[in-house]
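For reference, the structure discussed in these notes is given below.
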Amino acid sequence: MSEHPRRGAHGPPQDPTAHSSGIGAYLGVFTALMVLTGLTVWAAFQHLGVWNTPVALTIAVGKALAVAWIFMHLRYSPKLTLFVVSASVLWLAFLILITVSDYATRSWLPIYAP
């Protein structure tokens, strides 16, 4: 066997241990997820009025970002992968925006009784 690093399907040789997150990163994300889960439970029992949904979504986005950044290794991904993930999140935000705008403006239409 040669002592050359393994070649990837496309591109330069890759070192399989080069982009590995350490145990500290995993424990940090686990701790952050537990804290954010506790915060989610706490927020669920608070009367926040119209802010219940935005607070819950903000916490959920934080948890999703932590998982994607560390566990899915987006931190070390190529720029194209980051672009695709960013475009997906932007598309989801657009879909949520048009859904909320439809729901929020339904009262603007006149109601005709047949």
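The values are calculated or read from the model by the stated rules, or taken from the named source; none is laboratory data. What you are looking at is a predicted structure, and each value in this text was computed from that prediction instead of being measured. Glycine gets a Cβ as well: all are built from the backbone with ideal geometry, and neighbour counts include every protein chain shown.
Residues that are of a type in the set (S, T, N, Q) and assigned to a helix (DSSP H, G or I) within region 33-64 comprise Thr37, Thr40, Asn52, Thr53, Thr58, listed in sequence order. Taken over region 68-85, residues that are modelled with pLDDT of 90 or more and under 29 Å from Gly38 (Cα atoms) amount to 0.
If you filter region 40-56 down to residues that are polar (S, T, N, Q) and exposed (fewer than 11 other Cβ atoms within 10 Å of the Cβ), you find that the one that is nearest to the chain's Cα centre (by Cα) is Thr53. Residue count for region 65-83, restricted to those that are free of Cβ contacts under 8 Å to residues at least 24 places away in the same chain, loosely packed, with under 12 Cβ neighbours inside 10 Å and not in a loop (DSSP other than H, G, I, E, B): 3.
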